[in-house]
Structure formats: C-alpha cells, structure tokens
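Q: Before I ask anything, here is the structure I am working with.
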Amino acid sequence: MARTSVSTLTAKQDRFVLEYLVDLNATKAAIRAGYSEATASEQGYQLLQNTSVSAAIVAAQAARAERTEITADRVLRHWWSIATADPNELMQHRRINCRACWPEVEPFDATRAPHPDCVECAGEGHSSVHVVDTRNIKGPARLLYAGVKTTKDGLEIKVRDQDKAMENVARHLGMFVDKLEAKVAHSYSEISDDELDRDIEVLLAKKVN
C-alpha cells in the first residue's frame, strides 16, 4: 500500500494508518494499533493532525480508490440515496373503505379510499398495511431495503438506518466537529507518540481532579 514517506512513521503510526482505513474511526483504529484504550480517543485525533500520518492516509485511500474504483463521491452518493429514500416505496399504511362506504359500487374495491360520510366507519375506513413486491424495487428504495423476515406477528420489512446514513453524509462533508476535537490544541501535531502519551495523561489527571 502506498506511503508518502514510510520512514517518518513509527510502527504504531503505520499500523494506525492501516486500521483507520477499515472503518474511518480514529479511536477504534488507535486501539487496534496498540495505543492505550484510556487515551485512544485523544491519540486518534492527534494522529489525524500529524501531517505525516494524514499524508499516509490520503495516499493509502487514493491507492485503494484506484484499485477498487470506489471513490469518496460514490460512497457519499450511496449514503445520500439511503438517507433520502422514501419508505413509502417499500410499504405503506393505508386507510381503505369499509363495505358500507360505497354500496353502489360493485364489485367491492378493497383499495378504494373511505367515503367521508360513511355511516358505518365515519369516513375512517379500515387500517391496512401494504408491502410492495420487493423484486420490483428500484433506485434509492432498493438501497433502503435490507431484507424481510417472518416473525410470530407476521412479516417484518427491514430497512437501513436513515438517520445514521444522514449522519454519515454530514461527517463526510465535515459538518460535525466532536467536542473533544474542538478542545484539543493543534500544536501537538508533530510531537512523538511518547510525548503525546505524557501530555494526554496530564490532561486526563486534570479532568479527574
């Protein structure tokens, strides 16, 4: 995997670069790279501020994108499609007419809307859940659909988390800044791992006291 300057990275930093590419989670990457779990959040943030580490990440991401033809734009479009998909293209809750709604209409149409002046249902009709034939789903709704399973109460249509998808879009666009990241000084970007560990321990001690 490509590196901008491998000699400028420590073994743990180099490992962090590889682990960060797995899920883009700096804290988890720091832990997997061998940093202390107690300081992993701060370590992860500071590693991303290190110019050598960030350059190595960019180079590795570019190499992977070229190799797999997966680009940031494609990923962003994928999350955006899920976040903005209309669940009604998968399933709908409908109010349908009762038998007394349209007595003059034969044969009975079970999909018709309730009659607003029906004396039986007062225009409320009946509740009905309709699920589309998933073989025919297209576009964003296809990405939103995550499968179906049978439960004791009937069918359960599984969908992807749209709130999480929107959060991923926002993070890709840099709309979120974690409180911790906003508070950590940027002057640490070029110090060694040992120096960073010492400073973080001091900060944590201050929080406890």
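We did not get these values from a lab; they are worked out from the coordinates using the rules stated. From a predicted model like this one, the values you see are computed outputs, not experimental measurements. Ideal geometry is used to build each Cβ from the backbone, glycine not excepted, and the neighbour counts take in all protein chains shown.
Q: Restricting to the range 97-149, give me the number of residues that are closer than 30 Å to Ser81 by Cα, exposed (fewer than 11 other Cβ atoms within 10 Å of the Cβ) and without any contact (Cβ under 8 Å) to a residue 12 or more places away in the chain.
A: Qualifying residue count for the region: 6.
Q: Report whether or not Arg94 is over 20 Å from Asn168 (Cα atoms) and without any contact (Cβ under 8 Å) to a residue 12 or more places away in the chain. Full working, then the answer.
A: Values: over 20 Å from Asn168 (Cα atoms): yes; without any contact (Cβ under 8 Å) to a residue 12 or more places away in the chain: no.
No.
Q: So Cys101 fits all but one of (1) closer than 18 Å to Leu21 by Cα; (2) touching an Asp or Glu at 6+ places or on another chain (Cβ under 9 Å); what number is the exception?
A: Unmet for Cys101, out of (1) closer than 18 Å to Leu21 by Cα; (2) touching an Asp or Glu at 6+ places or on another chain (Cβ under 9 Å): (1).
Q: Filter the range 79-96 down to the residues that are touching a helix residue (DSSP H, G or I) at 6+ places or on another chain (Cβ under 7 Å) and buried (at least 16 other Cβ atoms within 10 Å of the Cβ) and list them by number.
A: Answer for the range 79-96, where residues must be touching a helix residue (DSSP H, G or I) at 6+ places or on another chain (Cβ under 7 Å) and buried (at least 16 other Cβ atoms within 10 Å of the Cβ): Trp79, Trp80, Ser81, Ile82, Ala83, Ala85, Glu89, Leu90.
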